[in-house]
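Here's the structure, in C-alpha cells; my notes come after.
The values are calculated or read from the model by the stated rules, or taken from the named source; none is laboratory data. Keep in mind that this is a model prediction, so the values were computed, not measured. Neighbour counts run over all protein chains shown; Cβ positions are idealised from the backbone, glycine included. For the accessible areas, the whole protein counts, side chains as well, though only heavy atoms, and no ligand, DNA or RNA atoms are used. Shrake-Rupley method; radii C 1.70, N 1.55, O 1.52, S 1.80 Å.
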Amino acid sequence: MLLSEHILAAWNRFESLQQLETFLGDSQAPDNVFSFERIVATDRAGTYPEEGFRALNDWGFQQYYIPEQLGGKYRSCEENFLLMRLIARRDLTLAISHGKTYLGSMPIWIAGDQAQQRQVAD
C-alpha cells in the first residue's frame with residue numbers, strides 16, 4: 001500500500017485527523033494562525049510560534065499524549081503520528097515541540113506505576 005493510500009485509509013478511521021485539519025484552517029488565509037504566510041514570518045523573525053502553540057493547546061492537542069484510560073485521547077501511535085504529520089505540514093517547530101513532550105511521556109505509559117501515570121496525566 002502506498003503511503004498516500006495508507007493516509008487516506010487512516011483519514012476515514014481517525015476522526016481526529018479531520019477535526020485537526022479543520023481546526024488548522026486555510027493555509028492560504030493570511031489572518032489564520034496556521035497560514036503559511038504567518039509561519040514563514042515567524043521563522044524569518046527567528047521567534048517561537050507561541051500563538052500557534054497556544055491555539056493547539058486550546059484545541060486540546062495535548063490530550064492526545066494521555067491514554068484514554070487515564071482521561072486522555074491517546075489511542076494509538078499511528079493516530080498520533082498522523083496528527084503530528086498534519087501539524088508538521090504547517091509548522092515543523094510546533095510538531096517538534098509537541099513531539100518531544102509526547103515522546104517524553106511514553107516511558108511512563110509503558111513502564112510507570114499507576115501513581116506515576118496519574119501524575120503525568122494530570
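Side notes on the structure shown:
- Candidates ALA41, ALA111, ALA95: whichever shows maximal mean-square fluctuation once the chain is modelled as a Gaussian network with Cα springs under 10 Å: ALA111
- Just checking the listed ones, ARG13, ARG85, ARG75: in the Gaussian network model of the chain with Cα springs under 10 Å, the one fluctuating most is ARG13.
- Lys, Arg +1 and Asp, Glu -1 on Cβ, resulting dipole of the stretch 1-66 about Cα centre, debye, nearest 20: 140
- Which of TYR74, ILE87, GLN117, positive extreme of dipole for the stretch 74-122 (C-beta unit charges): ILE87
- When the Cα positions of SER27, ASN12, ILE108 are compared along the charge dipole of the chain, ILE108 comes out farthest toward the positive end, with charges on each C-beta of Lys, Arg, Asp and Glu.
- The helix-based estimate of mean residue ellipticity at 222 nm for the chain, built from -39,500 (n - 2.57) per DSSP H run of four or more residues and divided by its residue count, is -21000 deg cm²/dmol to the nearest 500.
- In this Cβ point-charge picture (+1 for Lys and Arg, -1 for Asp and Glu), the chain has a dipole of about 220 debye about its Cα centre.
- Kirkwood Rh, Cα atoms: Rg over Rh of the stretch 1-67: 1.05
- Accessible area expressed per residue, the stretch 81-122, with surrounding protein chains retained (probe 1.4 Å, Å²): 59
- Along its first, second and third principal axes, ordered by size, the chain spans 46, 37, 21 Å in Cα coordinates.
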